[in-house]
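K.L.:
Sharing a structure with you now.
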Amino acid sequence: MNKTVLVVAFHFPPAAVSSGLQRALKTVRFLHEDGWQPIVLTASPRAYPKTHDGQLAEIPCGVPVKRVFSVDASRYFSIRGRYPDFLTWPDRWSNWFPGAAIAGQALIRQHRPSIIWSTFPISTTNLVASHLAVRNGLPWVADLRDPMTLDGYPPDKSRHRVVTKLEQRTVRLASRVVFTSEYTRRLYRERYPEHADRMKLIPNGYDEGNFPDIDEQPTRSDGKLRLLHSGSLQPKGRSPATLFQAIAALKSAGVASAENLSVVLRGTEFDAAYVGEIERFGVADVVSLEPYLPYERALAEMVNSDVLLLFQGEVFNHAIPAKLYEYLYARKPILAIVDKRGGTQSALEDMNVRESASIDSPKEIEACLRKLLDGGENAAGFLPDESAIPKYSRRQHTRTLAAMMERLLKERARSAVHEALK
């Protein structure tokens, strides 16, 4: 069996850390370790707002990586903050398509892959992968992960129509469509019932190889309960404002202070939106906004924290933050501040995390913080079940993907034999 796979992934090192980057990088690495030959088609470094060389060493030796010109149209083609809308359909990196289509065709001629695997969230990725799959008659596994469209998203009606057409093309042409949450898979099965049997679930996960030795981490002696959120916090859907309000209430009650509580929001990307809120609620002595850290240092900080924070409001009910699985492997209590109707709450329950707070309820957050400050049995409900950890290994998930691709190739071979015998 030909196990050469063309990987179409916009996010790839040296892009700075993102869930999309981790999913693509780990898939390439573990497929290669299990006997597949990945060939990567990705964007040039100038396409990314931030780059870091820290994970370049994880790209296996011998894996070809073709980087194709792309820029963010909203940054590179903007004059006084304005730019033509057509340059951003289906997304701001649509300029990647021409070069990626040409380079992808050259890679196919040179390496003769038997299958294509692409990973979202950049819509142009699906445009590139579908073009190459159709032109070359190759099966295609579209790792959609999250919804391409939702009611009101994308907010611009013209863009929504364009992305909807691309979504329909993806679902129609892909041999398999993969999602990271059951919530999203159910949504798409209802939206496209005629293709429901091709929709599969492979969650996000962790790579234990990136973590420090958890049993050998130093303990702190400052007596503070240290809470950490690591990663982006969009003001719409992941705002920590209700957490600030809950901390303010605990300070007024004499339960919390700078002596016993420290909250670090690391790499929010929206610090300017939260500085005023921190001041308004009077929690600047407890809450700090800290800059981005390279991936493995960020993981070490998770392991060295006491409680890990998760924010996921209603607009993200379809998605489960990839960091949840890294939090799980860190084996620390998780204070999840979420919409309890969403996929994240379901994932927490699957991990046996019994305590969480509604993102729009400062009172619930305050009650959770009290339990965590008390410690002991009061904090036990925030700790994931140890037995849930092995289920979310990225290595194991890549084996699930490999088995899926092998089945597709066998089905294709049987179909070819059947046609030949007609």
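K.L.:
Residues of region 264-282 being within 23 Å of Ala253 (Cβ to Cβ) and among the charged types (D, E, K, R), which ones?
P.N.:
Across region 264-282, the qualifying residues are Glu277, Glu279, Arg280.
K.L.:
Sticking with this structure for a sec: Residue pairs, Cβ under 7 Å, 6 or more apart or interchain, first in region 289-305 and closer than 23 Å to Gln234 by Cβ and in a loop (DSSP other than H, G, I, E, B), second of a type outside the set (Lys, Arg) and open to solvent by 30 Å² or more (accessible area, probe 1.4 Å). List them.
P.N.:
Correct list of pairs: Pro294/His52; Pro294/Gly54.
K.L.:
What tally of residues in region 231-254 results from selecting those that are under 26 Å from Gly343 (Cα atoms), of a type outside the set (S, T, N, Q), in a loop (DSSP other than H, G, I, E, B) and modelled with pLDDT of 95 or more?
P.N.:
Number of matching residues: 2.
K.L.:
Of the conditions (1) touching a strand residue (DSSP E or B) at 6+ places or on another chain (Cβ under 7 Å); (2) assigned to a loop (DSSP other than H, G, I, E, B); (3) hydroxyl-bearing (Ser, Thr, Tyr); (4) farther than 20 Å from Ser19 by Cβ, Thr268 clears all except one; give me its number.
P.N.:
(4)
K.L.:
Can you tell me which residues in region 241-256 are on the phi < 0 side of the Ramachandran plot and open to solvent by 40 Å² or more (accessible area, probe 1.4 Å)?
P.N.:
The answer is Gln245, Lys251, Ser252, Ala253, Val255.
K.L.:
Check whether at least one residue in region 310-326 is farther than 30 Å from Ser387 by Cβ, in a loop (DSSP other than H, G, I, E, B), open to solvent by less than 50 Å² (accessible area, probe 1.4 Å) and among the β-branched types (Val, Ile, Thr), and report yes or no.
P.N.:
No.
K.L.:
Output the residues belonging to region 183-214 that are buried (at least 16 other Cβ atoms within 10 Å of the Cβ) and of a type in the set (Asp, Glu).
P.N.:
Result: Asp207, single match.
K.L.:
Pick from region 23-55 the residues that are assigned to a loop (DSSP other than H, G, I, E, B) and in contact with a helix residue (DSSP H, G or I) (Cβ under 7 Å, 6 or more places away or on another chain): which of them is most open to solvent (accessible area, probe 1.4 Å)?
P.N.:
Residue satisfying both the conditions and the ranking: Asp34.
K.L.:
At least 1 residues that are closer than 22 Å to Leu187 by Cα and of a type in the set (Ser, Thr, Tyr) in each: list the helices (runs of 4 or more DSSP H) lying fully within region 56-157 that qualify.
P.N.:
Answer list for region 56-157: 123-136.
A quick yes/no check of all residues on (1) in contact with a Gly (Cβ under 7 Å, 6 or more places away or on another chain); (2) without any contact (Cβ under 8 Å) to a residue 60 or more places away in the chain; (3) closer than 22 Å to Ala129 by Cβ:
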{"position": "Phe12", "(1), (2), (3)": "no, yes, yes"}
{"position": "His52", "(1), (2), (3)": "no, no, no"}
{"position": "Pro60", "(1), (2), (3)": "no, yes, yes"}
{"position": "Lys66", "(1), (2), (3)": "no, yes, yes"}
{"position": "Tyr76", "(1), (2), (3)": "no, yes, no"}
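K.L.:
Could you go through region 37-50 and let me know if any residue there is in contact with a Pro (Cβ under 9 Å, 6 or more places away or on another chain), modelled with pLDDT under 95 and hydrophobic (A, V, I, L, M, F, W, C).
P.N.:
Within region 37-50, none of the residues are in contact with a Pro (Cβ under 9 Å, 6 or more places away or on another chain), modelled with pLDDT under 95 and hydrophobic (A, V, I, L, M, F, W, C).
K.L.:
Go through region 384-409 and give me each residue that's without any contact (Cβ under 8 Å) to a residue 60 or more places away in the chain and over 28 Å from Leu328 (Cα atoms).
P.N.:
Result: Arg407, single match.
K.L.:
Still on this structure, please answer the following. Hey, among the residues in region 147-182 that are in contact with a His (Cβ under 9 Å, 6 or more places away or on another chain) and open to solvent by 40 Å² or more (accessible area, probe 1.4 Å), which one's farthest from Ile115 (Cα to Cα)?
P.N.:
Among those that are in contact with a His (Cβ under 9 Å, 6 or more places away or on another chain) and open to solvent by 40 Å² or more (accessible area, probe 1.4 Å), it is Gly152.
The values are calculated or read from the model by the stated rules, or taken from the named source; none is laboratory data. Source: prediction; values computed, not measured. Reconstructed Cβ throughout: ideal geometry from the backbone, glycine too, with neighbour counts over all protein chains shown. Areas reflect the complete protein model, heavy atoms only, side chains present, ligands, DNA and RNA absent. Shrake-Rupley method; radii C 1.70, N 1.55, O 1.52, S 1.80 Å.
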